[in-house]
Each structure stands twice: as C-alpha cells, then as structure tokens.
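Undergrad: Following this message is one structure expressed as structure tokens.
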Amino acid sequence: MCGLEVTTQRQVFHTGDNGIDSIRCPDCSVRRNPDDLPWSDAVGAWFEDNGNYCMKCPDCGASRSIVEWEFDHPWGFGNLAFGFWNWPIADRMMVEISAITGNRCRLVHEHI
C-alpha cells in the first residue's frame, strides 16, 4: 500500500528501528558514539522549543544546534514534512521540495 502523510507541526523525524550509528559535529566533522553525547537532551529541548537545544562537541568545543549535527542514519527536525509510504524517493524530489519551500530538506528513512 502506498500513501502520503503531511505533517504541519513541530516534529522530530527519526529512523525508527534503524537507530543511530554515530553523530557528526558540524564544525570539526568528528564522528562520536551517541552514548558519548547528550543528544537526547538536545532533541527533547528542540521538540519542546525551550530555546536551549545546542550540544557542545567534546572534540572542538563548538556548541551547535542539534539540527546542525549529522546523524548516521539521518534525522530531521522541522515543522513541515511529507511522509511517503512505499514510494521510491529520488534526490531530485528533495531538491524540488527545497526550492519550492525555500528551506533545506532531509530525506529520513524510517523503518519500524
């Protein structure tokens, strides 16, 4: 069955059972084990919109918003999302959605 779900509220888009292999600092590009970072606190703060959703890199000392860190497997943070069930998604579609909305887009593969 194919389907489309449109989300128009603050949401964390995660990879479901895929988990997180590593999280990469946006400044120094060092990959860290998720167990070594307070990432869940930053994600919760972003979701609750409490204003302090930065995470400090233990390697370079940079403090960046959780939305700037790169999760391996990718996660997304946003107020607008399109969920496609059982559809092949081409990179071109991401480019087009980004151009139309004027915002960056991230493809998150969720598997339950």
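Undergrad: Could you give every pair whose Cβ atoms fall below 9 Å, whose first residue belongs to the stretch 79-102 and is assigned by TED's automatic domain parsing to the domain that holds Q9 and part of a loop (DSSP other than H, G, I, E, B), and whose second residue is surrounded by 10 or more Cβ atoms within 10 Å (Cβ to Cβ) and of a type in the set (D, E, K, R), counting only separations of at least 6 or pairs across chains?
TA: Listed pairs, sorted by first residue: N79/R10.
Undergrad: Restricting the search to the stretch 8-54, which residues are of a type in the set (S, T, Y), over 19 Å from G78 (Cβ atoms) and under 14 Å from the mean Cα position of the chain (by Cα)?
TA: Within the stretch 8-54, S22 is the sole residue that qualifies.
Undergrad: Right, another one. Go through the stretch 59-78 and report how many residues are in a loop (DSSP other than H, G, I, E, B) and under 12 Å from the mean Cα position of the chain (by Cα).
TA: Residues that pass the stated criteria total 4.
Undergrad: Do you know which residues across the stretch 19-53 are among the aromatic types (F, W, Y) and in a loop (DSSP other than H, G, I, E, B)?
TA: If the condition is that a residue be among the aromatic types (F, W, Y) and in a loop (DSSP other than H, G, I, E, B), then Y53 is the only one that fits.
Undergrad: Give me the pairs, please: first residue somewhere in the stretch 25-38 and within 13 Å of C60 (Cα to Cα), second residue anywhere and not in a loop (DSSP other than H, G, I, E, B), beta-carbon distance under 6 Å, and either six or more positions apart or on two chains.
TA: P26/R64; P26/E68; R31/S22; R31/R24; R32/I23
Undergrad: Would you check if there is a residue in the stretch 15-28 being of a type in the set (A, V, I, L, M, F, W, C), under 15 Å from H109 (Cβ atoms) and in contact with a helix residue (DSSP H, G or I) (Cβ under 6 Å, 6 or more places away or on another chain)?
TA: Checking the stretch 15-28: at least one residue is of a type in the set (A, V, I, L, M, F, W, C), under 15 Å from H109 (Cβ atoms) and in contact with a helix residue (DSSP H, G or I) (Cβ under 6 Å, 6 or more places away or on another chain).
The values are calculated or read from the model by the stated rules, or taken from the named source; none is laboratory data. Just so it is clear, the model here is predicted, and its values are computed rather than measured. Note that each Cβ is placed from the backbone with ideal geometry, even for glycine, and that neighbours are counted across all protein chains shown.
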